[in-house]
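A quick write-up on the structure given underneath.
The values are calculated or read from the model by the stated rules, or taken from the named source; none is laboratory data. Since we're looking at a predicted model, the values are computed, not measured. Cβ sites come from the backbone with ideal geometry, for glycine too, and all protein chains shown count toward neighbours.
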């Protein structure tokens, strides 16, 4: 049986994901770059990554994560992106090309911190490192130039727990939790 990644995320609805993909493709083409985007159906912003499991994710971790998520009380919020950039040094084998958001993703950081606080209270591990919220668009062997953009995201009205079977470019939603108002 193939392994699964397990993570919490924010996901755009289908129309928003398609809008983002269309704008990003046009931005790439205007700069003479091939877009080669990941499928928009897997666009997301990771809130917490549990890792990759051999086979199905650990049921104890999933149950604890679900209990912790149910205790998160945060308002719905707008999020937006302000920059295209690629990450990884010159020697990296694979460069993620991402949308980042500065102030436009501040509420994402606050939600992530609230979620991690509840995960810790339920005995789950803290993230291995603090990371910048982002939406990964593609991977490339070479870094791409960065440029600013004013790109509306979406209204985050819920967050989800996802298991992703390795190698299938698929995200299976285990559960979702609403963000109020």
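Looking at this structure, is residue 2 over 18 Å from residue 170 (Cα atoms) and over 13 Å from the mean Cα position of the chain (by Cα)? Reasoning before the result, please.
Details: over 18 Å from residue 170 (Cα atoms): no; over 13 Å from the mean Cα position of the chain (by Cα): yes.
In short, no.
Determine, yes or no, whether residue 115 is part of a strand (DSSP E or B) and modelled with pLDDT of 95 or more. No: the conditions fail for residue 115.
With the structure loaded, tell me whether residue 127 is under 27 Å from residue 53 (Cβ atoms), in contact with a strand residue (DSSP E or B) (Cβ under 9 Å, 6 or more places away or on another chain), part of a loop (DSSP other than H, G, I, E, B) and in contact (Cβ under 8 Å) with a residue 12 or more places away in the chain or whether it fails that test.
Values: under 27 Å from residue 53 (Cβ atoms): yes; in contact with a strand residue (DSSP E or B) (Cβ under 9 Å, 6 or more places away or on another chain): yes; part of a loop (DSSP other than H, G, I, E, B): yes; in contact (Cβ under 8 Å) with a residue 12 or more places away in the chain: yes.
So residue 127 passes the test.
Residues considered: 24, 72. Of these, the only one that is surrounded by 17 or more Cβ atoms within 10 Å (Cβ to Cβ) and under 18 Å from residue 159 (Cβ atoms) is 72.
Could you please find all residues in the range 12-39 being in contact with a helix residue (DSSP H, G or I) (Cβ under 8 Å, 6 or more places away or on another chain) and not in a helix (DSSP H, G or I)?
Those that are in contact with a helix residue (DSSP H, G or I) (Cβ under 8 Å, 6 or more places away or on another chain) and not in a helix (DSSP H, G or I): 12, 34, 35, 37.
Among the residues making up the range 78-95, those that are surrounded by fewer than 18 Cβ atoms within 10 Å (Cβ to Cβ) and either outside any loop (DSSP other than H, G, I, E, B) or at pLDDT 95 or above (or both) are 78, 80, 82, 83.
Name the single residue, out of those in the range 132-153 being more than 13 Å from the chain's Cα centre (by Cα) and in a strand (DSSP E or B), that is modelled with the lowest pLDDT. So, considering only residues that are more than 13 Å from the chain's Cα centre (by Cα) and in a strand (DSSP E or B), the one modelled with the lowest pLDDT is 140.
Test residue 64 against the stated conditions and say whether it is under 23 Å from residue 38 (Cα atoms) and in contact (Cβ under 8 Å) with a residue 60 or more places away in the chain.
Working: under 23 Å from residue 38 (Cα atoms): no; in contact (Cβ under 8 Å) with a residue 60 or more places away in the chain: yes.
Taking the combined requirement at face value, the residue does not satisfy it.
Of the residues in the range 123-131, at least one is under 22 Å from residue 77 (Cβ atoms) and surrounded by 13 or more Cβ atoms within 10 Å (Cβ to Cβ).
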